[in-house]
Amino acid sequence: MPNIIIVGTQWGDEGKGKIVDFLTETTDVVVRAQGGANAGHTVYNAGEKYVLHLMPSGILWPGKECVIGNGVVIDPLAFIKEIEGLESKGVAVTPDNLRLSSAAHVVFPHHRGLDQAREQRRGKSKIGTTGRGIGPAYGDKIDRCGLRVNDLIQPERLEAKFRARVEQMGSTFEGLDLPSIEETLTAYTEAGKRLAPHVSNTVAFLHEAIRSGKQLLFEGAQGAYLDIDHGTYPFVTSSNTTAGGACTGSGVSPTRVDEVIGVCKAYTTRVGSGPCVTESEAFSSRLHEMGREFGATTGRKRRCGWLDMVMLRFTTMVNGLTKLAITNLDGLDGLETVQLCTAYEMDGERLTLPPIDAEDWERCTPVFEEMPGWSEDISHARSLEDLPSQARAYLDRISEITETPIGIVSVGPDRQQTMVCAV
Ligand code: GDP
Ligand code: IMO
Ligand code: MG
């Protein structure tokens, strides 16, 4: 039984939630291993729209088990709100279908406060974070002064460690609009009690699941170019969003992983600041006028551009992709021609892989290859044969350049609008 890692290949919002939901039918355990409530994964289930932030998308399938691994940063108040929202829609969340790692780090109000204050201070050079406290929470983890879920569920430890941390931070808190220490402790102690039945050493659970023949599906958050190491630094998030992050963030060894599927929009989008070589105002407006490409977490307009094969070449390498899942192909309907960026030009030089520094990315211009578009509405296609030949040629070219087979093609947000080519 294959264990599959799902990753975003671009700047997030590629449709990972939809693809994870689609693949959950044939899996047993869905695992989140990095990121936090900065993620927003949209899934349509029985006509109802769900946007999942911390909860693995597998929760919408009865009988499936979900795990939040050690690599995730958990805002317990946001998470409880998310659980309550799901329960109010009739989704069962129990200690049997949701397990939370005792080693995951906790996001506190001061992390959010610092995130937002730093962004304000950065002014024009802001990163455009989601304001969910992600950077400061991972910062504390790496700086070895964070609190973990195992502290959250033990009130005395929580109080002692939180007070000590606040003292250490001293004047860093000044000017932030934060709840008092007592208020935070009360709310977090309650949250700890509420979450405690779900908390365990999830590494042991995942290994037992593998041993007993269960199949694991890792639900990546964000995308390769938001990776703290491989992305457009500093315009990135603070975790490893590439395939390796699924292993370190869950305690499952790379030797247990069989497939890595890269989810890729048929074009490029980005929210927040930073380079985006193929960005086009006209293309962005077209998609926004179609009612598409508004952020699932913050509602911000996504910046849009043509598909960037320079990015995809590198993504394929760094993730070791075994297959691609192309989503939103229907977003290109009705165009006379479509463009694929196959190289960058920087200082008269042609690049087939992206540069390292964001400053250099900003100096790159796209080299496009033009292909014929299609006039048909493809959202009703249910097999590759239903697609116009131009759309199939576009997919073939993506596969050819990345030297990676296309396993899934998606032509709409619903489960049924999904074609399996080779999974
Ligand atoms: P994620 O963060 O990668 O899970 O992606 P988001 O949910 O943030 O954004 C993807 C958006 O595209 C959501 O609104 C999805 O419902 C939608 N979506 C996913 N696949 C398709 C598709 O093939 N066609 C269309 N029209 N929408 C899609
Ligand atoms: P999903 O999982 C798109 C972006 C933010 C910002 C940068 C840093 O839905 O694909 P952070 O709050 O993480 O410190 O922000 O990363 N970002 C995302 N963009 N999709 C996401 O998640 C994102 N999570 C963070 O917009 O540019
Ligand atoms: Mg999203």
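Rule-based calculations on the coordinates, nothing more; no lab input. What you see is a predicted model; the values in this text were computed from it and never measured. So basically every Cβ, Gly included, is an ideal-geometry build from the backbone, and we count neighbours across all protein chains shown.
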Exercise for review: Report, to two decimal places, the Cα Rg of the range 264-420 normalised by 2.2 N^0.38 Å (N = number of residues).
Suggested key: 1.03
Point to revise | Computed over the chain: relative contact order in percent, which uses C-alpha pairs under 8 Å that are six or more apart | key: 20
**Study point:** For the range 159-221 and the range 339-397, distance of Cα centres in Å
**Key:** 41
Review point. So what are the ³J(HN,Hα) numbers for the range 29-34, from phi and the Karplus equation (6.51, -1.76, 1.60; θ = phi - 60°), rounded to whole Hz, Gly and Pro as x?
Key: 10, 10, 10, 9, 10, 7
Check your understanding: Can you list the HN-Hα couplings for the range 318-330, worked out from phi with the Karplus curve (6.51, -1.76, 1.60; θ = phi - 60°), rounded to whole Hz and with x for Gly and Pro?
Key -> 5, 9, x, 4, 9, 8, 10, 10, 8, 10, 6, 4, 5
Exercise for review: Compute the FRET efficiency between A196 and R292 as 1/(1 + (r/R0)^6), taking r as their Cβ-Cβ distance and R0 = 56 Å, and round to the nearest 0.05.
Suggested key: 0.85
Point to revise | Over the range 64-145 - Rg/Rh using Cα atoms and the Kirkwood inverse-distance radius | key: 1.06
Revision key, fill the gap. Longest the chain segment clear of GluC sites (Glu not before Pro) sitting in DSSP loops (not H, G, I, E or B) with at most 16 other Cβ atoms within 10 Å runs 175-335
**Study point:** Overall dimensions of the range 105-195 as given by Cα atoms, namely Rg and Dmax in Å
**Key:** 13.4, 43
Review point. Which ³J(HN,Hα) values in Hz, rounded to whole numbers, follow from the phi angles of the range 16-25 under the Karplus curve 6.51 cos²θ - 1.76 cosθ + 1.60, where θ = phi - 60° and Gly and Pro get x?
Key: 4, x, 5, 5, 4, 4, 4, 7, 4, 3
Review point. For Q120 and Q168, what is the calculated FRET efficiency with R₀ set at 22 Å and r taken between the beta-carbons, to the nearest 0.05?
Key: 0.40
Practice item. Could you grab the relative contact order for the range 1-144? Cα pairs under 8 Å, six or more apart, rounded to a whole percent. Key: 20
Check your understanding: DSSP beta bridges in the chain, what fraction antiparallel, as a percent rounded to 5?
Key -> 45
**Study point:** Nonlocal amide H pairs with S273, under 5 Å, H built at 1.01 Å
**Key:** G128
Practice item. Over the range 105-195, calculate the relative contact order: mean separation of alpha carbon pairs under 8 Å at least 6 apart, over the residue count, as a percent. Key: 34
Study note, to complete from the structure: The long-range amide H neighbours of V338, using H built 1.01 Å from N in the peptide plane and a cut-off of under 5 Å, are M371, G373
Point to revise | Cα-based convex hull volume of the chain per residue, rounded to whole Å³ | key: 138
Review point. Using a cut-off of 23 Å between alpha-carbon atoms, which lysines can reach K126, once sequence neighbours fewer than 8 places away in the same chain are excluded?
Key: K141, K301
